[in-house]
Amino acid sequence: MLIKSQPDEIQSFVEDSSHVRGGFAERVVFPETAEEVAEVLARATRDQTPVTLSGAGTGTVAGRVPFGGIVLATDKLNRIKNILYDERGGRVTAGAGVILRDLQRAVESEGMLYPPDPTERSCFLGGTVATNASGARSFKYGPTRNYVERLKIALAHGEVIDLRRAELHADRRGRIAIPLPSGTSIEAQLPTYKMPQVRKHTSGYYVAPGMDLIDLFIGSEGTLGAIVEIEVRLLPKPEGLLSGIAFFPSEEDLLRFAVEARQQSLAARGSSLTVREGVEPAAGQLDARALEYFDLESLGFLRQKYAMIPELAIGAIFFEQETTSASEDTLMNKWLALLETNHALLDESWFATNSQDQAKLRDFRHALPVLMNEWFARYNQRKVSTDMAVPDDQFAEMLKFYQDALRGGDLRYAIFGHIGDNHVHVNILPRDDEEARRARDIYLKFIRRAVAVGGTISAEHGIGKLKREYLRELYGEAHLREMAALKRAFDPAGILGPGNIIREALL
Ligand SMILES: Cc1cc2nc3c(=O)[nH]c(=O)nc-3n(C[C@H](O)[C@H](O)[C@H](O)COP(=O)(O)OP(=O)(O)OC[C@H]3O[C@@H](n4cnc5c(N)ncnc54)[C@H](O)[C@@H]3O)c2cc1C
């Protein structure tokens, strides 16, 4: 097994996209099989050595930044094993270290679609499962969780379990029992909190009455076990795609357009929460798979790279709609009509119907978080970026709350993201430590407001080390202790993902 310990060789493994500094580790190990992963963990448990699991390091909450111990890198678990077809699409089995972009390309070349699409596709499949990642397409397809069918997981004491969806459930009282290959089992009690009723949620352990136990590991951020191999479900690739970036001269018009596009899309699917799997909406119905927001400040940043953004634009919406050759013209006309009614800057908006142009529009969407991350790196500041989602009827007020707190102030900021899922990222951009302190005070106000209206504190990036204290705002201390007790059942020595989700003192 490859082991690296020279500081210059391991530096990139002790940081991630959070820009949290000061991470350090004795060494980075690169196992190539589930057995090697298990061996590393068993030894670490014996020696009480902390183990931080590492994907591609695109996480934004310092989940893979170690403060001591070793890093277990999944880079060499990078094989796509097999792609299978069935009448609903198919399945693919892959190692945790497969790059998401490579997996998507591989299945798309076979005529299938793997819907989860965090904006940064250089992440690893294992990282996306560990954080239950989602992205623009989650408006139609939901998060990674919806696609995970089987997980091979190495546990802290060195046993490997293979969990298939629908095989093991919690009982009505939240007791769980996971049989182990050695003949023993892990028994534990699930925390008793109720998760917020929002379209996306990745804040602490997933808990629901009678839940499928595979869901416990999805979004557990490297604290319950090392995900080694994953089987995910695939859907048939849509025949065609229509994308657009529509610019608006007034915020009122932009928000009305977003609300109407959203309502029509949900109505077309006949469900307010998720698409009915495999059921196509009635042909020719407007049905966005992505609805993404850019505010005026976001456009200001993007103008550095895209001089052709119209001068009059105060904001924009990026949308995608799946089409067929029969429905493409009708759908284009429907979108144009909706844009016209809502006074979009139609002549200056951008539309794409071929994959090359669509990639350019996605690059535009991707450029914004990259510019934000560059800012945090340039000013050597920790990321201050909200990730809250709120229930449908609370979004308009929540957006106004964000704007009122920031508009007219001296802090730079940008608000953008997944408006279809009531989930925008407010990036507050400090230039020095004093601004960073103020930014974090504002952030806390946002967190309290989101919790007060029934929202979640993290919809897609997870808790990591940066958002632990906010979990208390969401669930309260007693429930944090329940989470700690659950973790101890899987990891009695407390070696896995130290500092992630649960602060050390509770363990
Ligand atoms: C520009 C940019 C845009 C982004 N946009 C989005 C977005 O739209 N949606 C979204 O959801 N996220 C987004 N992210 C965040 C990030 O891409 C996702 O969280 C991604 O899923 C992390 O994957 P990774 O492989 O980089 O994981 P890492 O950063 O390496 O790790 C993330 C966490 O998972 C744990 N982990 C990693 N691999 C394993 C494993 N095999 N077993 C157990 N635990 C493991 C780590 O310990 C850590 O706690 C964005 C990031 C950037 C930089």
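The values are calculated or read from the model by the stated rules, or taken from the named source; none is laboratory data. Quantities reported herein were computed from a predicted structural model and do not represent experimental measurements. Cβ atoms come from the backbone with ideal geometry, glycine included; neighbour counts cover every protein chain shown. In case anyone asks, the SASA skips ligands and DNA or RNA and just uses the protein heavy atoms, side chains included. Shrake-Rupley method; radii C 1.70, N 1.55, O 1.52, S 1.80 Å.
Taking the stretch 99-195 on its own, what percent of its Cα-Cα pair distances exceed 21 Å? Cα-Cα pairs of the stretch 99-195 separated by over 21 Å account for 48 percent. A protection proxy built from the mean count of other Cβ atoms within 10 Å ranks the segments 183-196, 15-28, most packed first, as 15-28, 183-196. Here is how the number arises for the chain: DSSP H runs of 4 or more residues each give -39500 (n - 2.57), the sum is divided by the residue count, and the result at 222 nm is -9500 deg cm²/dmol. Karplus-based coupling profile of the stretch 109-122, in residue order and whole Hz: 5, 9, x, 10, 10, 9, x, x, 9, x, 3, 9, 8, 7, with θ = phi - 60° in 6.51 cos²θ - 1.76 cosθ + 1.60 and x standing for Gly or Pro. Based on alpha-carbon atoms, the Kirkwood radius and the radius of gyration of the stretch 419-507 give Rg/Rh equal to 1.02.
Amide H contacts of residue 169: 213, each under 5 Å away and 5 or more positions distant or on a separate chain (H built 1.01 Å from N in the peptide plane; Pro and chain starts excluded).
From the gyration tensor of the Cα coordinates in the stretch 283-432, what semi-axes in whole Å does the equivalent ellipsoid have, largest first, with each one equal to sqrt(5λ)?
After diagonalising the Cα gyration tensor, the semi-axes are 29, 18, 14 Å.
For the stretch 301-332, the list of GluC sites (Glu not before Pro) that fall in a loop by DSSP and count at most 13 other C-beta atoms within 10 angstrom reads 311. Applied to the stretch 156-166, the Karplus parametrisation 6.51 cos²θ - 1.76 cosθ + 1.60 on θ = phi - 60° returns per-residue 3J(HN,Hα) values of 4, 8, x, 9, 10, 10, 10, 9, 9, 4, 6 Hz, with x for Gly and Pro. Enclosing the Cα atoms of the chain in their convex hull gives a volume equal to 142 cubic angstrom per residue. Relative to the longest principal axis of the Cα atoms of the chain, the long axis of helix 395-406 lies at roughly 90 degrees. Note on the stretch 100-157: with neighbouring protein chains present and a 1.4 Å probe, carbon and sulfur make up 44 percent of its accessible heavy-atom surface. Scoring 288-294, 346-352 by mean Cβ neighbours within 10 Å over their residues and listing the highest first yields 288-294, 346-352. Angle, helix 34-47 long axis vs. longest principal axis of the chain, Cα atoms, 0 to 90°, nearest 10? It is inclined by approximately 60 degrees.
Computed over the stretch 180-302, the percent of Cα pairs more than 18 Å apart is 71. Computed from Cα positions, the angle between helix 477-490 and the longest principal axis of the chain comes to roughly 60 degrees. When you count the other C-beta atoms within 10 angstrom of each residue and take the mean per peptide, 161-174, 50-63 line up highest first as 50-63, 161-174.
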